[in-house]
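Below is one structure, written out as structure tokens, with a few remarks after it.
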Amino acid sequence: MTDHRIVEFRVHSVSIPAKAVHSHGSGDVGGINSVLLELVTDSGLTGWGEAAPWPVFTGTAAGNAAALDIHIRPRVIGHDPVQVEVLMHDIETALVGHPEAKAALECALLDLTGQIAGLSIAELVGGRHRESVPLSFSVANPDFARDLEDIARIWEDGVRIFKLKTGFAEHAFDLGRLEALRETYGDGIKLRIDYNQGLPTYDAIRRIRDLESFAPDFVEQPVRMTHRAAMAEITRAVDVPIMADESVFGPKDALDGASARIADIFSLKIMKSGGIRRTIEVAAIARAAGIEVYGGCMFETSVAHGAGAQLMAAIPDLRLGCEFYMSSYYAEADIATEPFPVRNGQVHTPSAPGLGIIPDGQVVKRYRTELRE
Ligand SMILES: [Mg+2]
């Protein structure tokens, strides 16, 4: 027990427009609609977390704001923030689903605990295996000419990994974009493919084989999240590694997915697993099964990106990079007081005590919304 107690629990819904719409196999997204959580202690410390939902994938901003406001608040006010697992276990028992709200709470608790202990979150949850992780940018503009301009600009910043969002248009469009990028950048570009469940399951194997000649590192979530037997069949049938994203949320999904070998790689996301610690459990199951992991994210601000960067530092094996590019290249504005630490194509994990990302109150206010979709 410490002598710190949580006395304020503030929920801020924010809506930040994107510079350009991103298209996916599961639909278009024009901005970040997320929920920031600000915890304040009687000792004057402030901890931040974020719930970043995606309605076609996890949940809604409205649902998570209500989960925080109504169900989580009374279980947290008056408590010692360092009792992270005790509080999380209590909330997991009391509230089903809403992994994004749980991730927001856990991040804010770890932010406070880190400040109290004088340690970064990565150090609190295991240590720093690395200081930075290669960044992947997602190519998702239906207007490919604009994507090519963005890629050329981002290439200048040192980014060498690009993930094509596929399956929202014709198969020929996907093949043409891959061909153009390979021709322009040769072997120096690392290409990945993410269908976001967009392939028709009956024809998935043949279409993925068509892409293999462009040498992608992996193909992510080709078919519907519930088509797990098909995921396993595709993984066995093609040479390119298959990644499960929508099909693996928390540790139980990871255990089932590893047993059925539904993929070669799992995409780790704190918004799916309900926090950093549960995501480390997913990574541990993957590691035991010989499944690779990757640093995924949702449509989020630099608060959730910061939590992701802390997680990435603490994961033992990480060879495929991460995709925390939203605050640098997608959102109209970064809400933090300092720009999210992307330098030379690498995401750097903040080393300050706690999360190491501090939102700017004025910017949060500017993007605050009552609109809860
Ligand atoms: Mg994905």
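Just so you know, all these numbers are worked out from the coordinates, no wet-lab data involved. Given the structure is predicted, the values throughout are model-derived calculations rather than measurements. Using ideal geometry, Cβ is built from the backbone for each residue, glycine included, and neighbour counts are taken over all protein chains shown.
Phi angles of the stretch 310-317 translate, via the Karplus equation with coefficients 6.51, -1.76, 1.60 and θ = phi - 60°, into HN-Hα couplings of 5, 4, 4, 5, 8, 7, x, 10 Hz per residue; Gly and Pro are given as x.
Counting other beta carbons within 10 Å of each residue's own, what order do TRP48, TRP155 fall into, fewest first? Let's see the in-between values first.
Numbers: TRP48 29, TRP155 17.
Taking fewest neighbouring Cβ atoms as first place, the list is TRP155, TRP48.
Backbone phi angles across the stretch 284-298, fed through the Karplus curve with coefficients 6.51, -1.76 and 1.60 (θ = phi - 60°), yield HN-Hα couplings of 5, 5, 4, 4, 5, 9, x, 9, 6, 10, 8, x, x, 8, 10 Hz in residue order; Gly and Pro are listed as x.
The phi-based Karplus calculation (6.51 cos²θ - 1.76 cosθ + 1.60; θ = phi - 60°) puts the 3J(HN,Hα) values of the stretch 44-55 at x, 8, 10, x, 10, x, 9, 9, 10, x, 9, x Hz, whole numbers, x for Gly and Pro. For the chain, the longest principal axis of the C-alpha atoms and the axis of helix 228-237 are separated by about 50°. If you wrap the Cα atoms of the stretch 123-348 in a convex hull and average its projected area over all directions, you get 11.7 nm². Sort the stretch 2-118 into rounded, prolate or oblate with this rule: let a ≥ b ≥ c be the square roots of the eigenvalues of the Cα gyration tensor; rounded if a/c is under 1.5, and if a/c is not under 1.5, prolate when a/b is larger than b/c, oblate otherwise. Prolate, because a/c is 1.5 or more and a/b exceeds b/c. Every Cα-Cα pair of the stretch 48-102 was included, and the share exceeding 17 Å stands at 35 percent. Return P(r) of the stretch 1-43 (all Cα-Cα pairs; 10 Å bins starting at 0; whole %; ordered from short to long distances). Using 10 Å bins, I get a P(r) of 23, 29, 20, 16, 11 for the stretch 1-43.
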